[in-house]
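Just below is one structure, and these are the notes that go with it.
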Amino acid sequence: MARIQSWKRGCCAGPAGLASGMEPGRDAVAECDAPPAEGAALRRLVNGFGQFRHQHFEVDEELFSRLLEGQHPEVMVIACSDSRTDPAIICGARPGDLFVVRNVAALVPPPAADGRPHGTASAIEFGVKALGVRHIVVLGHSFCAGVRCLLEHDHGTRPFDYVSDWVEVAREVREEMNGLVTDAERVLVARRAEQAALLTSLRHLAAYPFIAERVAAGRLSLHGWYFHFGWGVLQAALGPRGPFRQLDPDGPLHPAIGSAEALGRAA
């Protein structure tokens, strides 16, 4: 217990510390003391929409005409809400290519048909049952604040009302990492925990009956991808418990769960 506490010290000095994206143990400091111009961030979004119209909407009217009739994405991506890891940008996707589900740490809760509202599960169900996606990609990433928050829970740190409960979906990751960390290993274990959380979400996905049925029939494949944005590298899980290897644009695309033949049938 002492080991895992030592690497966390200073890593979650309140919500600002988690949001900084810094390595555990570094002080959370403001990058800039000067306040931004009023409305500057929103103004960039408005200007960005103008660029979108010019570069996409006006250039590819045929695509958007088809999208008016409905969406037919083949791929669902379950990604983190982190502003640095937009799956459409990372993968160069066009409008209509991806059905995207985002939440803190890209977590998938286990099946729980308890009559309560379940946002992530409902989005997954819609993508599979209504849209008929052929592939589901769980997209984790490096420097994930949600996973760091999960790792801190074993010594009582709960800086959030809702996030702290949410990340317990992957509490087995904390149990796996507990006792394995030294000060010299803090960065390595953070990366390992992020990948372990991704694999936990994959296994939870496979437990949903409507997913298991389609995987068994070769109609759906499950993939675990890990984006290290410090290196600009995208890795894929070779199985439901790893390991990970770097994805090559011209290399094989083996699902973590499901048959490789399903990829050919979906192509």
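The values are calculated or read from the model by the stated rules, or taken from the named source; none is laboratory data. Given the structure is predicted, the values throughout are model-derived calculations rather than measurements. Positions of Cβ are backbone-derived with ideal geometry, glycine not excepted, and every protein chain shown enters the neighbour counts.
Would you check if there is a residue in the stretch 62-75 being touching a residue at least 12 places away in the same chain (Cβ under 8 Å), touching a helix residue (DSSP H, G or I) at 6+ places or on another chain (Cβ under 7 Å), of a type in the set (A, V, I, L, M, F, W, C) and within 11 Å of Leu139 (Cβ to Cβ)?
First, the residues of the stretch 62-75 that are touching a residue at least 12 places away in the same chain (Cβ under 8 Å): 63-64, 66-67, 71-75.
Narrowing the set further to residues that are touching a helix residue (DSSP H, G or I) at 6+ places or on another chain (Cβ under 7 Å) leaves 64, 74.
Filter once more, so that each one left must be of a type in the set (A, V, I, L, M, F, W, C): 64.
With within 11 Å of Leu139 (Cβ to Cβ) added as a condition, the list becomes none.
No, the stretch 62-75 contains no residue that is touching a residue at least 12 places away in the same chain (Cβ under 8 Å), touching a helix residue (DSSP H, G or I) at 6+ places or on another chain (Cβ under 7 Å), of a type in the set (A, V, I, L, M, F, W, C) and within 11 Å of Leu139 (Cβ to Cβ).
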Subject >> Number of the condition not met by Gly232 [criteria: (1) at pLDDT 95 or above; (2) more than 15 Å from the chain's Cα centre (by Cα)] >> reply: (1)
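When the residues of the stretch 143-164 are narrowed to those that are assigned to a helix (DSSP H, G or I) and modelled with pLDDT of 90 or more, which ends up surrounded by the fewest Cβ atoms within 10 Å (Cβ to Cβ)?
Val163
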Original post:
Which residues, counting only those in the stretch 65-91, are part of a loop (DSSP other than H, G, I, E, B) and of a type outside the set (A, V, I, L, M, F, W, C)?
Top reply: Glu69, Gly70, Gln71, His72, Pro73, Glu74, Ser81, Asp82, Ser83, Arg84, Thr85, Asp86
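Among the residues in the stretch 107-115, are any assigned to a helix (DSSP H, G or I), touching a residue at least 60 places away in the same chain (Cβ under 8 Å) and not polar (S, T, N, Q)?
Within the stretch 107-115, none of the residues are assigned to a helix (DSSP H, G or I), touching a residue at least 60 places away in the same chain (Cβ under 8 Å) and not polar (S, T, N, Q).
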Subject >> Residue count for the stretch 69-97, restricted to those that are in contact with an Asp or Glu (Cβ under 9 Å, 6 or more places away or on another chain) and either within 19 Å of Pro249 (Cβ to Cβ) or among the aromatic types (Phe, Trp, Tyr) (or both) >> reply: 6
**OP:** Only residues in the stretch 159-174 that are in contact (Cβ under 8 Å) with a residue 40 or more places away in the chain count as the first member; pair them with residues that are in a helix (DSSP H, G or I) and β-branched (Val, Ile, Thr), Cβ under 6 angstrom, at least 6 apart or cross-chain, and list the lot.
**Re:** Val163/Val104; Trp166/Val104; Ala170/Thr200
Subject >> Phe244 being under 17 Å from Cys144 (Cβ atoms) and at pLDDT below 90 >> reply: no
